[in-house]
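J.: There's a structure below that I have some questions on.
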Amino acid sequence: MNWRILLRALLPGLLPVLVFIAAEAMFGEVVGLIVGVGVGLGEFIVTLVRNRRADPFVAADTVLLAIAGGLSLLLHNELFFKLKPVVVEAVMGGGLALLLALPPSALKGYMASQLRGVEIPEALLPNMRRNVALLLMVLALHCGLTVWAALTTSTAVWGFISGGLLYLLFGAVVLVQLAVQWNARRRRAAPRGREEMLAHIDEEGRVLDVLPRSAFHRGPGTLHPALHLHITDGTGRLYLQKRPASSDLDPGLWGAPVAMHAPAHEPMDVTLARALGKRLGVSVPPPGTPQGTPQPFLRYKWEDERESELVFCFLMQYLGVITPDPRVIAEGRFWTRAEINENLGTGLFAPRFEFEVRLMERMIPRPS
């Protein structure tokens, strides 16, 4: 809840105490008490006439102020002088405690009566009560520290704790609340800001729009491009990756070493080169180099209950060392054609890979 709104609602109820503090500082304790109690009574009567109901917060503050002021006049000594801030804050705390003791509906009615023209949504009530409780906790902490300072420390230390420390505590609470709210907004906004943007395409691959990744994972129908890269060693063996158990797609299954969405606004060869370097530690040679350059060889439409993809398959012959990144690939190795055929349909491979193996049977070189 906005702290300015909360303070706007609470200040009228705290007015007698605030007036007492100001009048006492200028005219002395007796005048301060008379003026504070008088303002409280006047505010109580005006509220009663205007709203046709008593304001319990104002009444509690005025009664507690009269009691505290009376004790101050009767017990006028140095220790009570040092404890007077505690009494004043106890008056404020009593009003806040009364607000918390009231049913949520009464709290909402009180806040709405103080903030004329401002509608208090029901959903804000829990947060409103938490903030009132937080204010009460700050006052209780400060009262405890002030009592400790009055009994055990020097006048200078007591002066800081009873005065400036309260403002520092309130300031720290407000800063923490602002930081929490900012962090919550940042967390809510971050996924949208970092979400991968993909091209919405037709079956010919023409770009229709650019949408966030989540827009394509709501079931079939919205087509987007995907890239699959197969690596052969020139003898008919294929290099496959095992997806980690944490993968959101085909966890623990074997498939193409590079299987990913095609980001919008990036050429496919650039995406593949970046993926090869990051995932497999493979550097792609300059364009035109026969070995180690991904070559397009297959395109098909894949559709399941999760999404619709137009898959662009590439094939690359590579004889160098492959070093899979363990953060994204659980395991990787070359498989012979016989090993692959023996395990088709056993649940070892990703469904897309099995579909592609059957389509590209004649496109992978066999051993000579």
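The values are calculated or read from the model by the stated rules, or taken from the named source; none is laboratory data. This structure is a prediction, so every number in the text was calculated from the model and none was measured. Note: ideal-geometry Cβ built from the backbone for every residue, glycine included; neighbour counts use all protein chains shown.
J.: Could you list all residues from region 29-52 that are surrounded by fewer than 16 Cβ atoms within 10 Å (Cβ to Cβ) and modelled with pLDDT of 70 or more?
T.: Filtering region 29-52 down to residues surrounded by fewer than 16 Cβ atoms within 10 Å (Cβ to Cβ) leaves 30-31, 34, 38, 41-42, 45-46, 48-52.
Correct list: 30, 31, 34, 38, 41, 42, 45, 46, 48, 49, 50, 52.
J.: List the pairs whose first member sits in region 220-231 and is in contact (Cβ under 8 Å) with a residue 24 or more places away in the chain, whose second member is of a type in the set (Gly, Ala, Ser) and part of a strand (DSSP E or B), and whose Cβ atoms are under 7 Å apart, counting only residues at least 6 apart or on separate chains?
T.: Going by the 7 Å Cβ cut-off, the qualifying pairs are 220/308; 221/308; 222/308; 223/308; 224/199; 225/199; 228/259.
J.: With 307, 303 as the choices, which residue is in contact with a helix residue (DSSP H, G or I) (Cβ under 8 Å, 6 or more places away or on another chain) and either surrounded by 15 or more Cβ atoms within 10 Å (Cβ to Cβ) or under 30 Å from residue 222 (Cα atoms) (or both)?
T.: The unique qualifying residue is 307.
J.: Give just the number: which of (1) over 24 Å from residue 355 (Cα atoms); (2) in contact with an Asp or Glu (Cβ under 6 Å, 6 or more places away or on another chain) does residue 242 not satisfy?
T.: Looking at each condition in turn, residue 242 falls short on (1).
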